[in-house]
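The values are calculated or read from the model by the stated rules, or taken from the named source; none is laboratory data. Since the structure is predicted, the reported quantities are computational estimates derived from the model, not experimental observations. Counting neighbours? That spans all protein chains shown, and the Cβs are built from the backbone with ideal geometry, glycine included. These area figures cover heavy atoms from the full protein model, side chains too; ligands, DNA and RNA do not enter into them. Shrake-Rupley method; radii C 1.70, N 1.55, O 1.52, S 1.80 Å.
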Amino acid sequence: MDRLTEILNGLPIDFANVYIALLRIAAPALMIWILWRTGKPLLSFRREPEIWAILRQSDGTGLPVKHWENIIGSHKSCDIVIPLVTVSRNHAVLTRYDDGSWTVSDADSKNGVKVNGKKVDIAALEPEDIIELGGLKLRLEPITAEQEAHLARLRTKASSGLTSILNVLLLTLLQTMCCLAFLLNGDPEHAFDIVLGFGGIALAQWLVLGFYAAIRRSAFEVETIAFFLCTMGMNVIAATVPGEAVKQLIAMAIGLGVFFLVGWSLRDLERAKVVRYGASVLGIAFLVVTLLFGKEIYGAKNWLIIGGFSIQPSELSKLCFVFAGASTMDRILKKRNLIGFIVYSVVLCGLLALMNDFGTALIFFVTFLSIAYMRSGSIGTIGLACTSLGFAGVIALKIAPHALRRFSVWRHIWEDPLGRGYQQTRSLMCMASGGLLGLGAGNGWMKRLFASDTDVVFATVSEEWGLIAAFAMVAAVVILAFFCLRSAPLGRSSFYTIGACTAASVLLAQTMLNVMGTIDLLPFTGVTFPFVSNGGSAMISAWGLMAFVKAADTRQNASFAIRRPKKNREVTE
């Protein structure tokens, strides 16, 4: 590595300057091309309905069953609408499982659910069973194996393996170009760290792609976007704290392990429902341990120091919170389950408030709003929650001077540019100096500013790589969020739908708070930018959340969370 550094340093200075100048144009163009190739399939796939069974009425007419979880009731928002006064608004839930079996459960209806004349809370269904809802008799006719095979072929095909390979090649090219720029224009003492950082990301993405090929999964857009953001994060680290490149690479490797572990748990819905209980306990345990034994840094007691390593357990609690909030349809319609989740959310936010970690508490609240709306569909519930937040916020500002100081600076940073507004005013000036194309890798001033690799990474990227590159990072997160929204109507289980939309909400909320806090459109909270900000706990949490996004992908051969049909059923995708 020393020899390589000598060769690069011995090159004519004009070569280095010319290369950096060309990279200022080539890098943003390549970033846009990568996002276009990965974003277009995620935002334009055909959302055709899937019919898994027919509910046959006594007169021979049939009602299509389009999901694995279906609400049956008289309200127009139900999946299967039965416009009878004897049928409750939300009367029953019809559920399909991985093995093809079906159950029907009562949703606290006024007249109950009967199967073969016997009133039931939940019952497994056989082909000849008669379901009675408010006097209406129905018989379930699941599709055949041949029909399921045809249904699988009708689903939108995921991107081909060759397309994914080309996307990863383009991303590897970007990583190579960025790495070379820092070798030419960076700190020679950390050349090895920089090469290992970028090379490690490149190796990891190719290994994951190879694993997908082995399990016959071809879609790689979600992962490509995540690795793109990791690459931008490595750019920030190489410019500011190059000695921490290896540490961040190790965190990314652990995050990938969590990504696959969560994906494995989601592969079996029954297993995922069991895991959520353990995750719920862990979410509280992480915060309680931090509150008791944590170290206060910059006003917030949200760090644990273990053997010289610092971790932020609240980041891992985000993942647990999403697990706890996701639920199946039969549980969603039970009001006591929603009340239980509200209590759980209040406990978590209360613990965060005691730790003075109000930025993370705000992320949890946004997450709660997403889950509460998807579980209740009630605008009134959301309005009540927001009103409660307003009162809680006033109280927090009264009793927490750390939060009050940050809030008082909002929209007043230029009144004290050398004091409380120093970080944000310098960030804005550096962003302005970077313009659209940036000053070039390693040429920025932001690396001298505190938290340039964490809280204000948007400004760091803007200065060195330009506003185009910085907004490309934001666009990457927005693409993931819109993909989850487009996938929601096709979700086979509300567990996957709520999990994916909530995970996307966390990623999007963090991005908005980080970016808008940097440019003073929102109070500066110190929230990290997913995948980009330097920090092992945040990286691990972000990869874990991506597993929920991946699980929502119902395209052919796209998600590892969806099992391939068994060969003995002669069903191919």
Let me confirm something: among THR518, THR525, THR511, which residue is open to solvent by 10 Å² or more (accessible area, probe 1.4 Å), more than 17 Å from ILE237 (Cα to Cα), among the hydroxyl-bearing types (Ser, Thr, Tyr) and touching a helix residue (DSSP H, G or I) at 6+ places or on another chain (Cβ under 9 Å)? THR525
In the stretch 272-317, residues that are open to solvent by 60 Å² or more (accessible area, probe 1.4 Å), free of Cβ contacts under 8 Å to residues at least 24 places away in the same chain and within 21 Å of ILE498 (Cβ to Cβ) total 3
The stretch 241-276, residues that are out of contact with any Ser or Thr (no Cβ under 7 Å at 6 or more places or on another chain), of a type in the set (Lys, Arg) and farther than 21 Å from GLY199 by Cβ: ARG267, ARG276
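Provide a single number: the residues in the stretch 211-261 that are assigned to a helix (DSSP H, G or I), of a type in the set (S, T, N, Q) and within 27 Å of LYS157 (Cα to Cα).
1
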Answer yes or no: is there a residue in the stretch 147-167 that is modelled with pLDDT of 90 or more and in contact with a Ser or Thr (Cβ under 7 Å, 6 or more places away or on another chain). yes
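Filter the stretch 67-87 for residues that are closer than 16 Å to ASN111 by Cα and crowded, with 23+ Cβ neighbours inside 10 Å; which is nearest to the chain's Cα centre (by Cα)?
Among residues in the stretch 67-87 that are closer than 16 Å to ASN111 by Cα and crowded, with 23+ Cβ neighbours inside 10 Å, the one nearest to the chain's Cα centre (by Cα) is ILE71.
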Name every residue in the stretch 447-467 that is closer than 20 Å to CYS179 by Cβ and in a helix (DSSP H, G or I), in order of residue number. LYS447, VAL457, THR460, VAL461, GLU463, GLU464, TRP465
Considering only residues of the stretch 103-146 that are of a type in the set (S, T, N, Q) and either modelled with pLDDT under 90 or open to solvent by less than 50 Å² (accessible area, probe 1.4 Å) (or both), which is nearest to HIS67 (Cα to Cα)? THR103
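Which of the following residues is open to solvent by 50 Å² or more (accessible area, probe 1.4 Å) and touching a residue at least 40 places away in the same chain (Cβ under 8 Å): ILE25, ILE34?
ILE25
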The one condition in (1) in contact with a Ser or Thr (Cβ under 9 Å, 6 or more places away or on another chain); (2) under 30 Å from PHE450 (Cα atoms); (3) of a type in the set (Asp, Glu) that GLU221 fails to fulfil: (2)
Tabulated pairs, the stretch 336-358, first in contact (Cβ under 8 Å) with a residue 60 or more places away in the chain and open to solvent by less than 20 Å² (accessible area, probe 1.4 Å), second assigned to a helix (DSSP H, G or I) and not hydrophobic (A, V, I, L, M, F, W, C), C-beta under 8 angstrom, 6+ apart or interchain: LEU348/GLY283; LEU348/SER317; LEU352/SER314; LEU352/THR360; MET355/THR290; MET355/SER314
Counting only strands (runs of 3 or more DSSP E) entirely within the stretch 106-194, those with at least 2 residues that are without any contact (Cβ under 8 Å) to a residue 24 or more places away in the chain and farther than 30 Å from LEU209 by Cβ are 113-115, 118-120, 122-125
